[in-house]
């Protein structure tokens, strides 16, 4: 099956995004280890693993379509200076993914590439779930900070 160039573009953007996220989460995990926050480091590592699974799914789809994957445009790492800033930056990263996958799913559905549309819809749902987790973590962190204010 040959893919439309725009579908390939969306797949490539998705792969670039997922690999950028892996790089960011692994950097944040390492920083948390350096700061003596092993639980947070483990959470960031798990997020990196989830993003690698996403990248693998995108690569698989690209290969089915006869396209060699190439994540050559990774975003710069934005690790943050503390846990709250890390989570806020990650939220921005995940919101960008949701927008990308939403647009990609709509285009693929209109173009008639149902398999790619289903992939993008599934990735979007995963990223939306991650956004929810980030929102809960940010709220919990905010609540904890509020309790320490006298």
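Bear in mind that the values in this text are calculations on the coordinates, not laboratory data. All figures in this text were calculated on a predicted structure; none of them were measured in a lab. Note that we place each Cβ from the backbone using ideal geometry, even for glycine, and neighbour counts take in every protein chain shown.
Assorted remarks:
- Residue ID - surrounded by the most Cβ atoms within 10 Å (Cβ to Cβ), chosen from residues in the stretch 32-48 that are more than 20 Å from residue 74 (Cα to Cα) and in contact (Cβ under 8 Å) with a residue 24 or more places away in the chain: 32
- Among residues that are exposed (fewer than 13 other Cβ atoms within 10 Å of the Cβ) and more than 27 Å from residue 112 (Cβ to Cβ), residue 76 is included.
- Residue satisfying all of: in the stretch 77-114; over 16 Å from the mean Cα position of the chain (by Cα) and part of a loop (DSSP other than H, G, I, E, B); farthest from residue 141 (Cα to Cα) among these: 112
- Residue 28, sole failed condition from (1) in contact (Cβ under 8 Å) with a residue 40 or more places away in the chain; (2) not in a helix (DSSP H, G or I): (2)
- Matching residues in the stretch 6-25 - criterion: being more than 21 Å from residue 116 (Cα to Cα) and free of Cβ contacts under 8 Å to residues at least 40 places away in the same chain: 22
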